[in-house]
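For reference, the structure discussed in these notes is given below.
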Amino acid sequence: MSWPMVETDLINVPAERVRATFTKEKHDELFSSMKNFGFTVPILITPKPGGMYDLIDGEHRILVAKELGITKVPAVIVEGDVKKVTLLNALANTARGSQNPMDVARALARCRDVGATADEMAAAYGHTREWVTFYLNLCELPDVYQAALHDEVLHVGHVRECLRLWNPEEIDACLGTAIQLRWKVEVTKNYVDQRMIRWQVAQASKDTAIVRAPPTVEEAREIVEYGDCLTCGRKIPRRDLRMPTICPECYELTQYVTGQLGPPKDAMQIIYEALQLYWRATRTNVPSAIQHDVGPQQPAEQQPSTPEDDAIAKISRSIAQEIVKALKGQGPGEGSGA
């Protein structure tokens with residue numbers, strides 16, 4: 001298929017237009033291709049008064065053509081109004097998939113400025129009205145965040161997550177921290193989830209002091225690196241937390257144990273020592289006090305006792321009787337003594 005040849009000197013490149021990201025490597029690749037195979041892909045232009053043309057798509061091909069000394073290039077000439085041409089320019093560059101989020105956002109803003117509706121832009125780009133609105137809102141971000149999106153320090157996922165927060169101060173703190181700590185999107189989501197939980201607690205308790213100010217960078221780091229244990233309430237590195245798959249009874253039991261005996265490590269030590277006491281007591285025939293109340297058991301093999309075992313046995317007998325009474329529904333101290 002042949003296209004009309006147009007002199008490059010007659011083609012104006014508008015200052016305000018969509019441009020795809022073009023690295024040195026891509027430039028060298030295009031230069032080599034055009035040098036060896038010629039100008040195989042036509043540019044896209046629209047006619048202007050006086051025999052001139054405005055470029056819609058193909059800026060880098062024109063630049064390389066001039067470097068190679070090519071004065072005429074094949075072109076597809078499109079008749080249309082400013083809105084149509086702007087949409088075509090945006091689509092031609094976006095279709096390459098080499099634009100950063102801010103280039104897409106600014107292309108949409110130019111389409112809007114020349115009269116394109118959200119529905120027209122959504123149809124042209126193959127997305128929804130919500131997608132168009134989201135990208136247009138990127139143009140309202142502070143310059144520092146627009147630059148971070150352009151340089152791909154931030155991704156649109158970061159912005160989507162931060163926008164779930166409830167006020168501009170929280171959003172600003174979240175985006176700034178994500179940049180400073182180089183958070184991945186999933187880490188940002190984790191942070192926002194934790195902040196939203198605190199916000200919901202504040203709303204339910206009507207205590208806005210809980211979320212009066214956004215966290216500092218160090219506080220935000222702690223939020224994403226540590227989580228609260230559901231049982232003891234301590235801060236634990238998230239990598240050490242386990243999935244909270246637990247029935248209500250077990251949850252209440254663990255809360256009771258840690259509430260009575262202290263932190264889990266201390267509680268485990270106390271339970272361990274209590275079991276050791278029980279096992280040693282059974283070896284000194286202490287269960288005879290329990291057997292009297294709960295029924296006969298198989299006789300245990302008599303083991304030699306030590307003075308320490310005898311002391312333990314003396315204390316354990318009275319404790320054992322009190323336990324049996326409690327199990328039977330009697331109050332402490334009721335019934336016969338030891």
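Every number here is computed from the coordinates shown, using simple stated rules; none is lab data. Remember, it's a predicted structure, so these values are computed and weren't measured experimentally. Please note: Cβ atoms are built from the backbone with ideal geometry, for glycine as well, and neighbour counts cover all protein chains shown.
A few notes on this one:
- Distance between the pseudo-spin-label points of Ile197 and Asp81 (7 Å out from Cα toward the beta carbon): 5.4 nm.
- Cα-based shape type of region 165-252, given that a ≥ b ≥ c are square roots of the gyration tensor eigenvalues and the cut on a/c is 1.5: oblate
- In loop segments of region 124-162 as defined by DSSP, the GluC sites (Glu not before Pro) with at most 16 further C-beta atoms inside 10 Å of their C-beta are Glu140, Glu152.
- The simple spin-label model puts a point 7 Å past each Cα toward its Cβ; for Thr71 and Arg160 those points are separated by 5.2 nm.
- Contour excess over end-to-end distance, with Cα ends at Glu29 and Asn12 and 0.36 nm allotted per residue: 3.7 nm
- Calculated P(r) of region 128-183 - Cα pairs past 14 Å, %: 52
- Among Thr8, Thr133, a tally of other beta-carbon atoms within 10 Å of each Cβ gives an order, fewest to most, of Thr133, Thr8.
- Residue exposure sequence - His127, His158 - by fewest surrounding Cβ within 10 Å: His127, His158
- Among the GluC sites (Glu not before Pro) in region 1-91, those placed in a DSSP loop whose Cβ has at most 10 other Cβ atoms within 10 Å are Glu16, Glu79.
- Gain upon complete extension [Val41, Trp279; 0.36 nm per residue less C-alpha separation]: 76.9 nm
- In this calculation the C-beta distance from Glu222 to Tyr256 is compared with R0 = 41 Å, giving a FRET efficiency of 0.90.
- Loop chymotrypsin sites (Phe, Trp or Tyr not before Pro), region 155-220, which have at most 16 other Cβ atoms in a 10 Å radius of their Cβ (DSSP): Trp166
- Three-way shape call for region 176-215 based on the alpha-carbon gyration tensor, with the a/c threshold at 1.5: oblate
- Value of D in µm² per second that Stokes-Einstein yields for region 1-123, Kirkwood Rh from Cα pairs, at 25 °C (0.890 mPa s): 161
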